[in-house]
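FYI, it's all coordinate maths here, none of it is from the lab. Note that the structure is predicted; figures quoted are calculated from it, not measured. For neighbour counting, all protein chains shown are included, and Cβ atoms are generated from backbone atoms with ideal geometry for every residue, glycine included.
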Amino acid sequence: MQIETSRLRLRRFHPRDVPDFAAYRSDREVARYQNWDFPLPLASARRLVDEYARRDPTRPGWFPYAIELKEDERLVGDIAVNRHPGGAKAELGFSIARARQGQGYASEAVRGVLAELFAQGLRTAVAECDVRNTPSARLLERLGFTFAREHSFFEREKRAHITLSEFTLPAERWATLGRQ
Ligand SMILES: CC(C)(COP(=O)(O)OP(=O)(O)OC[C@H]1O[C@@H](n2cnc3c(N)ncnc32)[C@H](O)[C@@H]1OP(=O)(O)O)[C@@H](O)C(=O)NCCC(=O)NCCS
């Protein structure tokens, strides 16, 4: 299940990740457009990491990969994959700790996951982000995703109307990207 890219190791979460994980999950900037519990105290981070570590990446449902920087073996973020039953479709979600952003780590991690999923027969990759989350939309478009649609709903916890943009990347398009 481990995915290696030139600078990163995408692997199962481990208890040693807890302090870095709790830190970026408790960073208001990183959490701004995410719908997770905020802030995330160490004890809750420990429980969540423990639960992530027991998930099966081959089964349908969300599997969060820890993104480890090979150079210092520290957690820099996570990328979660939601495989739909049958394996034709999967959604992606990702976060990088603020101090680690702007160095191409999210791009590298998303490319690594896409390469693995498409090699396993994925037909369509999907990613959603808040319409105001321009860094995330830019990243997805840079990697070959295209805007598909918007949808809005009322989020009770944030007491706000949220609009999400959905981006998609079909296998046919992925196959042409390396040749461009
Ligand atoms: C969106 C997010 C994951 C991007 O992470 P990141 O690691 O900074 O992304 P990258 O470094 O790959 O790309 C960011 C910028 O750095 C640039 N960059 C710098 N060095 C780079 C390199 N070596 N390779 C590629 N891009 C590089 C990119 O061109 C990009 O520039 P742009 O924003 O002007 O397009 C990060 O901002 C984040 O965690 N945000 C909060 C959580 C979130 O909203 N997640 C998305 C929910 S769907």
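Placing a pseudo-label 7 Å from each Cα along the Cα-to-Cβ vector at PHE153 and ARG132 gives an inter-label distance of 1.9 nm. If only the Cβ of Lys and Arg carry +1 and only the Cβ of Asp and Glu carry -1, the dipole of the chain around its Cα centre is close to 80 debye. For HIS14 and ARG142, the FRET efficiency from 1/(1 + (r/R0)^6), where r spans their Cβ atoms and R0 equals 30 Å, is about 0.50. Only Lys, Arg, Asp and Glu carry charge here, each on its Cβ (+1 for the first two, -1 for the last two); on that basis segment 115-180 has a dipole of about 120 debye about its Cα centre. Please name whichever of PRO19, HIS84, ASN133 sits farthest to the positive end of the charge dipole of segment 1-135, dipole taken about the Cα centre and charges placed at Cβ: Lys and Arg +1, Asp and Glu -1. Farthest towards the positive pole: HIS84. Working from Cα pairs under 8 Å separated by at least six residues, relative contact order for segment 1-86 is 33 percent.
Stretched out fully, how many nm does the piece from PHE38 to ARG111 gain, at 0.36 nm a residue minus the Cα gap?
23.5 nm
Helices meeting the span-like rule in the chain (full DSSP H runs, Cα extent of at least 18 Å along the helix axis, mean Kyte-Doolittle score of 0.0 or higher): 105-119. Here the relative contact order of segment 27-180, from alpha carbon pairs under 8 Å that lie six or more residues apart, stands at 16 percent.
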